[in-house]
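See structure below.
Coordinate-derived values only; no laboratory data. Here the structure is a predicted model, which is why all the values come from computation and not from measurement. Virtual Cβ from ideal backbone geometry, glycine too; neighbours counted across all protein chains shown.
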Amino acid sequence: VTYNVAGKPSRVSHFGLGAFIETNINSGTDGGLYAEIIRNRAFQDNVNNQANQNDALGKGSLLHWSGTSQSTKLSLSPDNALSSALPQSAVVSGDRNQSCGIANPGWYGISVTTQPHQLSFYARSPTGQATTVPVKIGLYSNDYSKTYTEQTMPLKLTGEWQKFETTLTPSQASSNNNNVFAIKTTGACRDGFQVNLVSLLPPTYEGTVARQDLAQALADIKPVYVRLPGGNDLEGNNIPSWFNWTNAVGDLKNRPGRTPTWTSGWNTEGLGLMELMDLAEKWGAQAVLGIYAGYSLNGEAVPKSQLGPYIQSALNQLHFLLDTSGSWAELRSSYGRSEPYKFDQIEIGNEDWLGAAINTYGAYRWAAFRDAIAKEFPQLTLIASTLKNGVEGAKAVDDHMYSTPNQLFEFTEGMDSTSRDVPIWELEIAVINSGLTNDTDIYSGPGRLQHPTLIGALAEAAFLAGAERNGDIFYSAAYAPIFQNEGPNATQWTPDMLSFNAGQMVKSTSYYIQYAWGNYPIKQIHDASPSTPTNSSHIYHSFGSNSQGALVAKLVNANAEQRTVKVQVGNGSKLSSSGATSWQMQGKNPQQANTLSNPNAIVPQSSSSGLPKGASLGSDGSLTMTLPPYSATVVTLPLA
Ligand code: AHR
């Protein structure tokens, strides 16, 4: 195929890579991106998801906790609550003359490293009488045969809750994740102790509360936008479980959390509103803030007459994040952040084309939020979650697409003729089904993927190429979901961009495609005409110039055979190889995936100087390249 590429750009590209942080899907934030090691740290987890769904505080439990000795007795106590947000705590008691203690196995295990870990917990005397309870605190193998770190602490307890803090620095790392954190009395248990909000944090990503490897992987894709906090988790399974931002800011002691949408445990909201905003900022990205729009997943919509408090909450949330002075700015400052956050887009609702949502979004919910927010925050672009059924005045729309590889390849072929009316943000997109089993339902059929495959990632690359070369109307795209904890029953949705356990992380083929688009962005679009149409060549392209004026060529070969392509630049321009860079991902098996047991099956190659293998520049300044079978290639070449 020969591509005749315009030497001069025709349009500015607004396209910026997105990342979508949906809280708690696949134990991906609590248990994942949120670095907290202790699971059910404030005794809030639902037992078998049986919490009263209308009770925002749930029932709580001792799930994931155990006694450190046979004689230990653990009980859940509603007495002497630490706070109204964290009403239950654990009383550790048992045989008065034997040692007693409490242990936690983390989120499907604990990977012990030799870095300093910050420990904090609250404790009181269960009898209310002043007493000193000497305890040992440490990280151990789960049969206690190995001690990685242990400290003795005299807990001087009274009837009041007190916060205890220390640093635990293991002297050796673990070779597996079968480990526990424990607090146990050094001697006789006597009256025992009462604990709550037990938190153990390893070193985190750049001063945030995020797990280093996961947050770094996201930083590395260089997202321009970060959509947060959901997704379905924004909506909640029912109205009382909506993402109420006021419960997701401030001291952890005052965050009640809520019934989760995805997992059976509990959303701690420890990775709360400010923590998510801080992360987006550290990544150099702007948040696209999801605003709850009065609809939850059980099909209930807040009636028009009762929408007022939800709209007011959204306005308060925006004042809290954006104000430079006044009481909301002061509250934010009191939580440690004086500067307002900077973002220009919010999304009202999530997927309001689905289910019963469609009946009320266009009818009254969209307009009610639109008018109130536009009045107080005219600078914000309000993204609608659909344009269907009476939605008016939307300046942008978020469209989602889950597909098979072929569905996505076919879709990309029509992208050049997308209507230019309303900017499109594709803030959830992924190949989720192999397409090999011709499932009538790609969500529940046998072709549903467990992990991103090579061909799926190439289809996503073709989509990103289409979005980028139509970047005058496609403003962003984000893979969804990102995180997958691979612990038993931890996953509700596959495939995912990054899978992990307590100590390991795997970058999928889809991750690498996101990396390429984030790291080799374009600013301006160069029109290109291929000598063979895409639908018969199965080679997908995008050409643009970057901020230095170099040509960035992205080419996706979805064929099982190698293909030769030639890139000729018009307008008297020539390509030059000095300062050229390249990135390429390829593989022989289109169904290949990277997994925890085979993490490096497909790994791209990049070069900061020079063309990829099989590429050469002609004396006329044209580029000829052999694209390997099943490959994505990005080449950056100065334009002379
Ligand atoms: O990404 C997983 C889910 O898919 C999101 O929560 C929802 O918005 C979509 O249906």
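Just a few scattered comments:
- Taking label positions 7 Å along the Cα-Cβ direction at both Thr152 and Thr167, the computed distance is 2.2 nm, reported to one decimal.
- Backbone N under 13 Å from the Gln504 label point (7 Å along Cα→Cβ), restricted to the stretch 570-605: 594-601
- Loop-located trypsin sites (Lys or Arg not before Pro) in the stretch 479-566 whose Cβ has at most 11 other Cβ within 10 Å (DSSP): none
- The stretch 572-615, Cα convex hull volume normalised per residue, Å³: 102
- Per-residue extension of 0.36 nm, minus the Cα-Cα distance of Gln216 and Thr204, leaves a gain of 3.3 nm for this segment.
- Converting the Cα gyration tensor eigenvalues of the stretch 145-290 into ellipsoid dimensions via √(5λ) gives semi-axes, longest first, of 33, 22, 14 Å.
- Placed amide H near Gln98: partners under 5 Å, 5+ positions off or other chain: Cys189, Arg190
- Residue-wise HN-Hα couplings along the stretch 582-594, as the Karplus relation 6.51 cos²θ - 1.76 cosθ + 1.60 with θ = phi - 60° gives them from phi, are 8, 9, 8, 10, 8, x, 8, 9, x, 8, 5, 10, 8 Hz; Gly and Pro carry x.
- Percent of alpha-carbon pairs separated by more than 20 Å within the stretch 404-563: 53
- For the stretch 554-563, 3J(HN,Hα) computed residue by residue from phi via the Karplus equation (6.51, -1.76, 1.60; θ = phi - 60°) reads 10, 9, 10, 9, 8, 8, 7, 10, 5, 9 Hz, glycine and proline entered as x.
- As a length-normalised measure over Cα pairs under 8 Å and 6 or more apart, the relative contact order of the stretch 481-576 settles at 15 percent.
- Based on Cα atoms of the chain, Rg over Rh with Rh as the Kirkwood radius reads 1.01.
- When only Cα pairs below 8 angstrom with a gap of at least 6 residues are kept, the chain shows a relative contact order of 16 percent.
- Among beta bridges that DSSP assigns inside the chain, antiparallel share in %, nearest 5: 70
- Nonlocal amide H pairs with Asp399, under 5 Å, H built at 1.01 Å: Trp425, Glu426, Leu427
- Computed 3J(HN,Hα) for the stretch 495-504, one whole-Hz value per residue from the Karplus formula 6.51 cos²θ - 1.76 cosθ + 1.60 where θ = phi - 60°, is x, 9, 6, 10, 10, 7, 10, 4, x, 10, glycine and proline marked x.
- FRET efficiency, 1/(1 + (r/R0)^6) with R0 25 Å, evaluated for Asp441 and Glu300 via beta carbons: 0.50
- Residue-averaged [θ]222 nm for the chain, counting only DSSP H segments that reach four residues, each worth -39500 (n - 2.57): -4500 deg cm²/dmol
- Spread of Cα-to-Cα distances over 10 Å intervals beginning at zero, given as percent, for the stretch 343-466: 13, 34, 31, 19, 4, 0
- When its C-alpha radius of gyration is set against 2.2 N^0.38 Å (N residues), the stretch 66-201 gives a value of 1.01.
- Modelled FRET efficiency - R0 35 Å, Lys395 with Glu160, Cβ distances, 0.05 increments: 0.10
- Distance between the pseudo-spin-label points of Ala374 and Arg11 (7 Å out from Cα toward the beta carbon): 2.4 nm.
- Computed E for Ala560/Thr114 - FRET, C-beta separation, R0 60 angstrom, nearest 0.05: 0.80
- Rh (Kirkwood; distinct C-alpha pairs) - the stretch 476-520, Å: 11.2
- Amide H within-cut-off set for Ile383, under 5 Å, with H built and near neighbours excluded: Ile346, Glu347, Ile348
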